[in-house]
Amino acid sequence: MIKGSNRMSNLIPTADNKHPLLKMEKDERKKFVMQSILLTVTMTVVLYIFPSYYGLEKLTTNSSYFLLDLFSFKPRVYTYEDNLNALGIVDKFLYALYDPSRATYPAISIDIGNTRRMNYLIVRACTGMQAGALLLGLIWSTPAETQDRIRASYVMLIALFVGNVARIAAMIAMTTIMVGDFKINYEDAWYLAHDVMGRPLGFFGTIGFTMLIEKRNVRILDTIQAWMDFLMNTKPKVEN
């Protein structure tokens, strides 16, 4: 998949052939699909599961704190420590890779009035790197010039970080407003902010990140379309 590869250079889009992935014949398409899916899945798993994201969790927490403080929510940043025995099997495995004695999370708390405090732990899933790892896998399994893939990678990661911080701050702010001003109980308020409002924001954010990648000449949508064509046994496209 790298620049200059005899096997894949013919699949890099050009001015005369903008969508070569959509024109592959059956055997060529099967080979590409198998290789690209394997690379995408491997990169996604390795990039999301194995690194310690505590530094990114802390940066995300501090950046979310900055936005909340900017809008006068008066947040407080602290460190939450949990015993590994209280975690599920997967989390135990992950934290055992980095620190076998404890699980540590950066966190934000906000007081409502003088009697109630709401705490928000910023964990691995809050970093947005599920989508980030998947998009990186797609970028590097899609035939493109190396410099375009590098550019697409860092632009996507920067946009992902900024968008994710804004999403987290917005969810915490909405929960605080619903609990404090509308007297909705915390569980329902968090469900509305995180699931009902937050997940659609994440969905449309992923569409935006995909557009940023496509604008940098890395046609990940063509890779996905090639996978679908293979699975559905669709005939190759003949037009650009």
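Nothing in this text is a laboratory measurement; each read-out follows from the coordinates by a stated rule. Note that the structure is a prediction, hence the values are computed from the model and not measured. Note that we place each Cβ from the backbone using ideal geometry, even for glycine, and neighbour counts take in every protein chain shown.
Structure values in brief
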read-out	value
Theoretical ellipticity at 222 nm over the chain - DSSP helices of four or more residues, -39500 (n - 2.57) apiece, nearest 500	-19000 deg cm²/dmol
Loop trypsin sites (Lys or Arg not before Pro), segment 141-199 (other Cβ atoms within 10 Å of the site Cβ: 13 or fewer; DSSP)	LYS183
Karplus-derived HN-Hα couplings along segment 19-30 (A = 6.51, B = -1.76, C = 1.60, θ = phi - 60°), whole Hz, x at Gly and Pro	9, x, 5, 7, 10, 5, 6, 4, 5, 5, 5, 4
Estimated FRET transfer efficiency when R0 is 41 angstrom, pair ILE37-PHE182 (beta carbons, to 0.05)	0.35
Cα→Cβ-extended label distance, 7 Å offset, between ALA96 and THR79, nm	2.4 nm
Gain on full stretching of the segment that runs from THR104 to GLN130 - 0.36 nm per residue minus C-alpha separation	7.4 nm
PHE66-VAL45 FRET efficiency (beta carbon distance; Förster radius 30 Å; 0.05 resolution)	0.40
Residues LEU22, LEU97, sorted so that the one with the fewest Cβ neighbours within 10 Å comes first	LEU97, LEU22
Distance cut-off 14 Å, percentage of C-alpha pairs in segment 197-239 lying past it	62 percent
Contour minus Cα-Cα distance for MET197 and ILE150 (0.36 nm per residue)	13.7 nm
Label point distance in nm, THR14-THR115, each placed 7 Å from Cα along Cα→Cβ	7.4 nm
Residues whose placed amide H lies under 5 Å from that of ILE112, excluding near-sequence neighbours	ARG117, MET118
Interchain or long-range residues, amide H under 5 Å from ASN217's placed H	none
Cross-link reach list, aspartates and glutamates versus LYS92, counting only Cα pairs under 12 Å and skipping chain neighbours closer than eight places	ASP82
Lysines with Cα under 17 Å of LYS215, excluding same-chain neighbours fewer than 8 positions away	LYS18
Cα-centred dipole magnitude for the chain, charges only on beta-carbon of K, R (+1) and D, E (-1), debye, nearest 20	460 debye
